[in-house]
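The values are calculated or read from the model by the stated rules, or taken from the named source; none is laboratory data. The structure displayed is predicted, hence computed values, not measured ones. Cβ coordinates were reconstructed from backbone atoms using ideal geometry, including for glycine residues, and neighbour counts include every protein chain displayed.
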Amino acid sequence: MSANKKVALYTLGCKLNFSETSTVARMFENEGFARVDFNDTPDVFVINTCSVTENADKKCKQLVKKALKINPDAFVAIIGCYAQLKPDEIAQIYGVDMVLGASEKFKIVEHFQNLEKRDQAVVYASKIKEVNEFIPSYSKGDRTRSFLKIQDGCDYFCTFCTIPLARGKSRNHSVAETVKVAKEVALTDAREVILTGVNIGDFGQGKGETFFDLIKELDKIEGIERYRISSIEPNLLSNDIIEFVAQSDKFMPHFHIPLQSGSNKILKAMRRKYLKELYVERVTRIKELMPHASIGVDVIIGFPGETEEDFLETYNFLNELDVSYFHVFTYSERQNTTAIKMDGVVPKSERSKRSKMLHILSDKKKRFFYEQHIGKTYNVLFESEEHNDYLNGFTDNYIKVKVPLTEDLQNQIKTVTLANIDIDGVVKVKIEQPKTIN
């Protein structure tokens, strides 16, 4: 590959994909490529795909079309979950030159012999059972935060999910190796690190270590001021982890815990590894130790067999639960899953109605959570980028705030008092001035 070439990368999907895209970008930069924006006429486009929803597949096709409009001669490579699940399907998309599966995406620069357009896309995708190497990744470029990949793959085969087929079995580095990568992140401008993976609570596979062991060591690293734990399964969120976060200055009082359904009948059909009673225990323990903690919930509506009564059971369960917001996913049929063969398909119109109901409930929950903290003082990490002459930031317990743009606040942690909720649902704050001692 020659220098002075330009590469643009586009990420679909989750935080894990963002960390991996950033790692792939650094590989190109090490080969002399300049990383540019998608619209800046790149010589190479790399699209990192997701396959959690049908829409992500469609988005990939749209992006290829857009790339060719920007530069008809550009080399287009597709990586990520969709590339592993359906490489031959992607290879048929007009304009795609290369498709790289789960184990090959981190060897992308090795596969570039030349950048000429191809009549037929070349495909490098091993069978998922052969994918067993763990490649650590972290995002770089956003001064405020970095997504640190600590785990990949999943050994859980929930009936609705294709992730094990796209990413393989659960795997990770040792605590010691993970700490080494975290120390690299500590040398960047990032003030906050989000621990990410497919099933991060499962950290330690085959190494006699646990996620709890990891966070105790990460807590000791100098140069990282804040950690957030991304989505963690309720059956893997132990009391030890909760109690550690409660006393840590670095781990934020913010949890995102997938529920998926408030009906035990549906949880069993989904092949989840807990019942709703355990979920209540986890939420209760968090709130006992950290009453101010933010708790986010993943929930899927419209799963096959979900009756109106099952949905209302979920709705009422969430309504009564002391949680802060939801991520609502409408069930979509995915090939090669058990759920696609199940009876009791919920009409899409009904799925849409249920989704809307939970989105409204989530908005109410979030506003109530925000209102509970008005007048209180918190530390906020302000973003690097401005939005309409304002800077946004997040409190340690994940309340989104805004202040008029001031450059000396960018990427800074400041003590603020929460004043009032703006019309857009963001909290305006008053910056507290440090007290002088005479």
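The condition (being over 26 Å from PRO164 (Cα atoms), touching a strand residue (DSSP E or B) at 6+ places or on another chain (Cβ under 8 Å) and of a type in the set (A, V, I, L, M, F, W, C)) is satisfied by just one residue among PHE18, PHE33: PHE33.
Scanning the range 113-136 for residues that are more than 15 Å from ALA166 (Cα to Cα) and buried (at least 19 other Cβ atoms within 10 Å of the Cβ) turns up ALA121, PRO136.
This table checks each residue for (1) exposed (fewer than 13 other Cβ atoms within 10 Å of the Cβ); (2) at pLDDT 95 or above; (3) assigned by TED's automatic domain parsing to the domain that holds ASP322; (4) within 29 Å of ARG143 (Cα to Cα).
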{"site": "GLN335", "(1), (2), (3), (4)": "yes, no, yes, no"}
{"site": "GLY344", "(1), (2), (3), (4)": "yes, yes, yes, no"}
{"site": "PRO347", "(1), (2), (3), (4)": "yes, yes, yes, no"}
{"site": "GLU350", "(1), (2), (3), (4)": "no, yes, yes, no"}
{"site": "TYR390", "(1), (2), (3), (4)": "no, no, no, yes"}
{"site": "ASP396", "(1), (2), (3), (4)": "no, yes, no, yes"}
{"site": "LYS400", "(1), (2), (3), (4)": "no, yes, no, yes"}
{"site": "ASP424", "(1), (2), (3), (4)": "yes, no, no, yes"}
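Selection of first residues in the range 305-326 that are farther than 21 Å from ILE286 by Cβ and of second residues that are in a loop (DSSP other than H, G, I, E, B), restricted to Cβ pairs under 7 Å at least 6 apart or on distinct chains, gives the following pairs, ordered by first then second residue: GLY305/MET342; GLY305/ASP343; GLY305/GLY344; GLU306/VAL346; ASP310/SER263; GLU313/GLY262; GLU313/SER263. Which of the residues that make up the range 145-161 are surrounded by fewer than 19 Cβ atoms within 10 Å (Cβ to Cβ) and either β-branched (Val, Ile, Thr) or touching a Gly at 6+ places or on another chain (Cβ under 9 Å) (or both)? Selection gives THR159 alone. Suppose the filter is touching a Ser or Thr at 6+ places or on another chain (Cβ under 8 Å) and either without any contact (Cβ under 8 Å) to a residue 24 or more places away in the chain or under 16 Å from SER137 (Cα atoms) (or both); does PHE18 pass it? When the stated conditions are applied, PHE18 passes them. Among what's in the range 91-113 and is in contact (Cβ under 8 Å) with a residue 40 or more places away in the chain and under 23 Å from LYS5 (Cβ atoms), pick the residue that is farthest from the chain's Cα centre (by Cα). Looking at the filtered set, the residue picked out is PHE112.
Scanning the range 159-181 for residues that are part of a loop (DSSP other than H, G, I, E, B), in contact with a Ser or Thr (Cβ under 9 Å, 6 or more places away or on another chain) and charged (D, E, K, R) turns up nothing. Restricting the first member to the range 375-387 and to residues that are more than 18 Å from GLU225 (Cα to Cα) and modelled with pLDDT under 90, and the second to residues that are part of a loop (DSSP other than H, G, I, E, B) and not polar (S, T, N, Q), the beta-carbon pairs closer than 6 Å and six or more apart or on different chains are GLU386/LEU405.
Test LYS364 against the criterion of being more than 26 Å from THR162 (Cα to Cα), basic (Lys, Arg) and surrounded by fewer than 14 Cβ atoms within 10 Å (Cβ to Cβ), and give yes or no. Yes, satisfied.
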